[in-house]
Every structure is written in structure tokens, then in C-alpha cells.
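Chemist: This is the structure I want to talk about, given as C-alpha cells.
The values are calculated or read from the model by the stated rules, or taken from the named source; none is laboratory data. Remember, predicted model here, so these are calculated numbers, not experimental data. Virtual Cβ from ideal backbone geometry, glycine too; neighbours counted across all protein chains shown.
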Amino acid sequence: MPQPKVSIIVPVYNAERYLTRCITSIQNQTLDEIEVVLVDDSSTDASLELCNSMAEQDPRIKVIHKENGGAGYARNAALEVASGEFIGFVDSDDYVAPEMFETLYETAVKYDSDLVLSGVVFVDGTIFGNDGACEKKVFFSADTVFENTGDLQELRMGIIGATPKDADDSKYGMSIWKNLFRHDIIQAHHLRFVSEREMLSEDALFMVDFISHIKRAVGISGAFYHYCRNGESISKSYKKDRFEKSLVFLKEAERRFQDLDPTVYQVYLGRFWQAMCRVICSQEILHAKKASDLNARLKEICTHPLTVQALTEYPIGTLPMGQRVFAYAMKYRLYLLLKVLVGLRNR
């Protein structure tokens, strides 16, 4: 059997409600030469049975069953058996457009690129709800090549954060699932995921590590990945330790940028941190049970030295209006205003 052009890795945990939609969208890809690696992470529902049933009907599907360890480690297990020329990632509660992997693969071949980045369609709104709403997000207006040292360094930083002139908190998007990765580079440098149980945005660190070893990346204007928000999703649900795990992530990200000028990368990390605190404060307000506990939590977040540093050193006056007001409210510890802003957004 010839080598697949793309291996598509799908970690699966208690996803029976969405799994058929996800896998069907992958099976319907216009690129035929694919391999699908489903990793059941010890689901307690019917996910494993569904995986096995689909594998019996489609020889392109492989199923791995492993002890529960989270999405990052599930992806690592799949990387041990994947055989494709390139690697793609899909979460089991999301789905992809039919042309996604053909478009990404043909772009990689056209530019002899190690990494292809694309956009995303957000389904069912934001963390504030908006069921049924869709938002298409593209990061590139035209094919954009990164191949010299400076460009690739800027790409690494732009995965994590952004500069004051950028509209989005992550200039190029932090997540792996909208992109395509050359498999040889992953294997040659034994690149693997850390556990999301240790820190948030484990896939962003994988991206940064991967870019450190490539010669060329290409960003394209299309958006093919449909990211679906739902309360059952591990990656999208409320986490009471989100702040603590984000601190671990920030430390790990900074360690990876030690080869760069701190005056440059700290701008990107500052944008990331004030944006992450905005998300954390919003989710704390949305899920608070007691006012006293909420106020204590908001104080802990807003008075943390890294938060104070980010809100002091970053030119928050350059942020888009909504982000700017929220940042000022955090900076001056206007907790009532934070609650009002979240309440208005959640209507």
C-alpha cells in the first residue's frame, strides 16, 4: 500500500454525540490518499465501538485504544503509528470542509513547505454563547511565505501572541488543527505534546517547537476547519485551574524564546497574557457561585505580578475598544465593571 499523503490524527474521549459527524467529514475529503488514526482515550461511552465500526467499513482508518491521559498524550500515541507524508489534527467534536486536506497538501507541495497554516470557522459563537452563530477567521489575505530566519522567528512569536498593531491576540492562531505538518520533521526531532493536564494550549507549544526546526512555512487565506463550541468538550469547557495552568504555559513559552531579544518577544507574551486573563476573568464571572469567592479570584488574577507587568508594559491603549476597556478594568481592579462587561457580552 502506498504511503498516505496525509495522516489525520483524532483523539477521542466520550465523543459519541459528535464522532460520526467528525469522521464522516474526514472520510469525505477530496484527497483520497489519507490515513485516519483514531485514538480512544479510555472513553466510558460508545466512542470506542463507533471507532471500531467505522474502521471495519473503511480500511483507511486505524484505531488505537489507550489508558486515559488526555488529548496531548493521545496525539503522541498516534504519532508512533502514523505513516503519512504530512500530519493533520482534528478534534473529535469538530469537523472539516471536504477540500481541506487536499488544499493544504497541494499548497505544501507547491511551495515545498514544511508547514501550511490556514483559517478557522468558529461554530456556535464564543465562550459567551451565541448558539448557531458562525464566524470565519482567516489569518492571511493571500499566500504568505516564511522562510528566512527573521520571518520564522516572527511566526513562532505570532503563534503565541501579537503586537499592538495586530487586531487579534494571536497573530497566526495558536491551535494545531487548522494546519498541516511535515511528518519527517516531527519524527527527526521527536516532537511530542505535553499534557493539557499540566498546562493550557499544549498544541501552541508543539507549534513553536515545530517551527524551530523548519525551513519554510506558508499561510493561506482559506478557512476549512469548523471549531465547534459545546459545554461537553474538554478543550472548551470551564476549568477552575485555568489561571494556574496558564502560568505554567507562559513560563514554558518564555523558555522557548530565550534565543530571541527579550524586548521583542515580551511584547508578544504580554499580549498573550492580558488576553488570557481576559478569558479567565470572563469564565470566572460566568461560572461564579459566590460573590465573595469571585471577588477573591478576580483579585488574585488581576494583582498577580505577571498580570500587573503585562498591563503596565503593554500599550493597552492600542487594543481594539472592547479589549481595551476590559484591560483597563483589570489594570485598575474595577471588578464591578468587569462583571458588567461580561454581563453585557453574555446577553
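Chemist: Which is outside the structural domain of Gln274 (by TED's automatic domain parsing) and touching a His at 6+ places or on another chain (Cβ under 6 Å), of Val96, Val121? Can you show your working first?
Modeler: Working: Val96 fails: touching a His at 6+ places or on another chain (Cβ under 6 Å).
The unique qualifying residue is Val121.
Let's see how each residue does on (1) over 14 Å from Leu104 (Cα atoms); (2) of a type in the set (Gly, Ala, Ser); (3) modelled with pLDDT under 95:
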residue: Met1; (1), (2), (3): yes, no, yes
residue: Lys5; (1), (2), (3): no, no, no
residue: Pro11; (1), (2), (3): yes, no, no
residue: Leu19; (1), (2), (3): yes, no, no
residue: Thr24; (1), (2), (3): yes, no, no
residue: Asn28; (1), (2), (3): yes, no, no
residue: Ile34; (1), (2), (3): no, no, no
residue: Val37; (1), (2), (3): yes, no, no
residue: Asp40; (1), (2), (3): yes, no, no
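Chemist: Additional query: Against the definition (crowded, with 17+ Cβ neighbours inside 10 Å and polar (S, T, N, Q)), how does Asn76 come out, yes or no?
Modeler: Yes; evaluated as a whole, the condition is true for this residue.
Chemist: Is there a residue being touching an Asp or Glu at 6+ places or on another chain (Cβ under 7 Å), not basic (Lys, Arg) and not assigned by TED's automatic domain parsing to the domain that holds Asp94 anywhere in segment 287-299?
Modeler: Within segment 287-299 (the criterion being touching an Asp or Glu at 6+ places or on another chain (Cβ under 7 Å), not basic (Lys, Arg) and not assigned by TED's automatic domain parsing to the domain that holds Asp94), the answer is yes, since at least one residue qualifies.
Chemist: Tell me yes or no: at least one residue of segment 17-34 is assigned to a strand (DSSP E or B) and in contact (Cβ under 8 Å) with a residue 40 or more places away in the chain. Give the derivation first.
Modeler: First pass over segment 17-34, keeping only residues assigned to a strand (DSSP E or B): 34.
Of the ones still in play, those that are also in contact (Cβ under 8 Å) with a residue 40 or more places away in the chain are 34.
Yes, the conditions are met somewhere in segment 17-34.
Chemist: Given (1) out of contact with any strand residue (DSSP E or B) (no Cβ under 7 Å at 6 or more places or on another chain); (2) surrounded by 19 or more Cβ atoms within 10 Å (Cβ to Cβ), where does Asn28 come up short, assuming only one miss?
Modeler: Failing condition for Asn28: (2).
Chemist: What's the number of the only condition in (1) more than 23 Å from Leu180 (Cβ to Cβ); (2) modelled with pLDDT under 90 that Ser235 fails to meet?
Modeler: (1)
Chemist: Just need a number here: residues in segment 10-37 that are touching a Lys or Arg at 6+ places or on another chain (Cβ under 7 Å) and closer than 20 Å to Glu49 by Cβ. First the steps, then the outcome.
Modeler: In the first step, residues of segment 10-37 are kept if they are touching a Lys or Arg at 6+ places or on another chain (Cβ under 7 Å); the result is 11, 31, 33-37.
Those left that are additionally closer than 20 Å to Glu49 by Cβ: 11, 36-37.
Qualifying residue count, segment 10-37: 3.
Chemist: Among the residues in segment 172-179, are any of a type in the set (S, T, N, Q), in contact with a helix residue (DSSP H, G or I) (Cβ under 7 Å, 6 or more places away or on another chain) and under 23 Å from Phe224 (Cβ atoms)? Spell out how you get there, then give the answer.
Modeler: Initially, segment 172-179 is screened for residues of a type in the set (S, T, N, Q), giving 175, 179.
Now drop any that are not in contact with a helix residue (DSSP H, G or I) (Cβ under 7 Å, 6 or more places away or on another chain), which leaves 175.
Imposing the further condition that a residue be under 23 Å from Phe224 (Cβ atoms) reduces the set to 175.
Yes: segment 172-179 contains one or more residues that are of a type in the set (S, T, N, Q), in contact with a helix residue (DSSP H, G or I) (Cβ under 7 Å, 6 or more places away or on another chain) and under 23 Å from Phe224 (Cβ atoms).
Chemist: Moving on to the next point. Out of all the residues in segment 196-205, is one or more over 30 Å from Pro98 (Cα atoms), crowded, with 16+ Cβ neighbours inside 10 Å and modelled with pLDDT under 90?
Modeler: Scanning segment 196-205, I find at least one residue that is over 30 Å from Pro98 (Cα atoms), crowded, with 16+ Cβ neighbours inside 10 Å and modelled with pLDDT under 90, so the answer is yes.
Chemist: Among what's in segment 157-176 and is of a type outside the set (D, E, K, R) and surrounded by fewer than 18 Cβ atoms within 10 Å (Cβ to Cβ), pick the residue that is farthest from the chain's Cα centre (by Cα).
Modeler: Pro164
Chemist: Taking segment 1-22 only, how many residues are of a type in the set (A, V, I, L, M) and out of contact with any Phe, Trp or Tyr (no Cβ under 9 Å at 6 or more places or on another chain)?
Modeler: Residues flagged as of a type in the set (A, V, I, L, M) and out of contact with any Phe, Trp or Tyr (no Cβ under 9 Å at 6 or more places or on another chain) within segment 1-22 amount to 4.
Chemist: Of all residues in segment 306-337, count the ones that are over 22 Å from Ala162 (Cβ atoms) and not basic (Lys, Arg).
Modeler: Adding up the residues that qualify gives 5.
Chemist: Has segment 286-293 got at least one residue that is under 26 Å from the mean Cα position of the chain (by Cα), buried (at least 18 other Cβ atoms within 10 Å of the Cβ) and at pLDDT below 95?
Modeler: For segment 286-293, residues under 26 Å from the mean Cα position of the chain (by Cα), buried (at least 18 other Cβ atoms within 10 Å of the Cβ) and at pLDDT below 95: absent.
Chemist: In this structure, does Glu154 turn out to be surrounded by fewer than 21 Cβ atoms within 10 Å (Cβ to Cβ) and over 20 Å from the mean Cα position of the chain (by Cα)?
Modeler: no
Chemist: Please specify each residue of segment 149-170 satisfying the condition of being touching a residue at least 40 places away in the same chain (Cβ under 8 Å) and of a type in the set (Ser, Thr, Tyr).
Modeler: Thr163, Ser170
Chemist: Here's something else I'd like to know. Within segment 246-257, does at least one residue satisfy the condition of being surrounded by fewer than 19 Cβ atoms within 10 Å (Cβ to Cβ) and either over 19 Å from the mean Cα position of the chain (by Cα) or among the small types (Gly, Ala, Ser) (or both)?
Modeler: yes
Chemist: State yes or no: is Glu67 in the same structural domain as Lys215 (by TED's automatic domain parsing), surrounded by fewer than 24 Cβ atoms within 10 Å (Cβ to Cβ), out of contact with any helix residue (DSSP H, G or I) (no Cβ under 7 Å at 6 or more places or on another chain) and assigned to a helix (DSSP H, G or I)?
Modeler: On the way: in the same structural domain as Lys215 (by TED's automatic domain parsing): yes; surrounded by fewer than 24 Cβ atoms within 10 Å (Cβ to Cβ): yes; out of contact with any helix residue (DSSP H, G or I) (no Cβ under 7 Å at 6 or more places or on another chain): yes; assigned to a helix (DSSP H, G or I): no.
Spelling it out, it is not the case that Glu67 is in the same structural domain as Lys215 (by TED's automatic domain parsing), surrounded by fewer than 24 Cβ atoms within 10 Å (Cβ to Cβ), out of contact with any helix residue (DSSP H, G or I) (no Cβ under 7 Å at 6 or more places or on another chain) and assigned to a helix (DSSP H, G or I).
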